[in-house]
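The values are calculated or read from the model by the stated rules, or taken from the named source; none is laboratory data. All figures in this text were calculated on a predicted structure; none of them were measured in a lab. Note that each Cβ is placed from the backbone with ideal geometry, even for glycine, and that neighbours are counted across all protein chains shown.
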């Protein structure tokens, strides 16, 4: 997914649950405001439906950038057209339930996160912009539709307010936090995870380097 950091939008993000058939996409496609070439790319990719594991696609300017099974399924079908891709359904889960029979490395990361992390939108945005994040952990339901500011085209620079990027000479660009924070983490080489069992302020936390 790191190739997405250098790709140019707008991005179409589609996340379908297991078993979603072509007819589901046939209904969903009418909600998207995209050009004919982009729609043709999506139609070709989704001709076989979602399959038994669900389907996650990200398309930008007719390029199919992601075609994978989601790591978890949102409560509803997702179809977005936005400046940044929506990648959270592709992020592995972090939590006790996710670690039953899981890898020791995942358990170690969970323990480290519980032992010491920063949480809250402002603090996490500052840590990401400073390049100090090893892992970003998001609770999608709690993060909701909160927004952050991206510093111009610098996807690794996110802010909780518009004054900070302006002071740095960067035109502030308002984006959804559930799109901008994962992109900033990927740009900084950090992991992106979804939380199972911890409650975080604003639905977001980071493990610092």
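Annotations
- Complete set of residues in segment 100-113 that are modelled with pLDDT under 70 and surrounded by 14 or more Cβ atoms within 10 Å (Cβ to Cβ): 102
- Selection status of residue 42, part of a helix (DSSP H, G or I), crowded, with 17+ Cβ neighbours inside 10 Å and not assigned by TED's automatic domain parsing to the domain that holds residue 194: yes
- Test: residue in segment 77-85 that is without any contact (Cβ under 8 Å) to a residue 12 or more places away in the chain and either assigned by TED's automatic domain parsing to the domain that holds residue 14 or surrounded by 14 or more Cβ atoms within 10 Å (Cβ to Cβ) (or both): no
- Given (1) surrounded by fewer than 16 Cβ atoms within 10 Å (Cβ to Cβ); (2) modelled with pLDDT under 90; (3) touching a helix residue (DSSP H, G or I) at 6+ places or on another chain (Cβ under 8 Å), index of the condition residue 97 fails: (3)
- Scope segment 184-193; condition crowded, with 19+ Cβ neighbours inside 10 Å and part of a loop (DSSP other than H, G, I, E, B); matching residues: 188, 190
Yes or no, residue by residue, for (1) touching a strand residue (DSSP E or B) at 6+ places or on another chain (Cβ under 6 Å); (2) surrounded by 15 or more Cβ atoms within 10 Å (Cβ to Cβ); (3) farther than 30 Å from residue 16 by Cα:
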| position | (1), (2), (3) |
| --- | --- |
| 65 | yes, yes, no |
| 125 | yes, yes, no |
| 131 | no, no, yes |
| 139 | yes, yes, no |
| 145 | no, no, no |
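- Some residue of segment 173-183 being surrounded by fewer than 15 Cβ atoms within 10 Å (Cβ to Cβ), outside any loop (DSSP other than H, G, I, E, B) and either without any contact (Cβ under 8 Å) to a residue 60 or more places away in the chain or out of contact with any helix residue (DSSP H, G or I) (no Cβ under 8 Å at 6 or more places or on another chain) (or both): yes
- Any hit, segment 139-161, residues being at negative phi, without any contact (Cβ under 8 Å) to a residue 40 or more places away in the chain and more than 19 Å from the chain's Cα centre (by Cα): yes
- Scanning segment 194-206 for residues that are modelled with pLDDT of 90 or more, within 20 Å of residue 74 (Cβ to Cβ) and surrounded by fewer than 19 Cβ atoms within 10 Å (Cβ to Cβ) turns up at least one hit.
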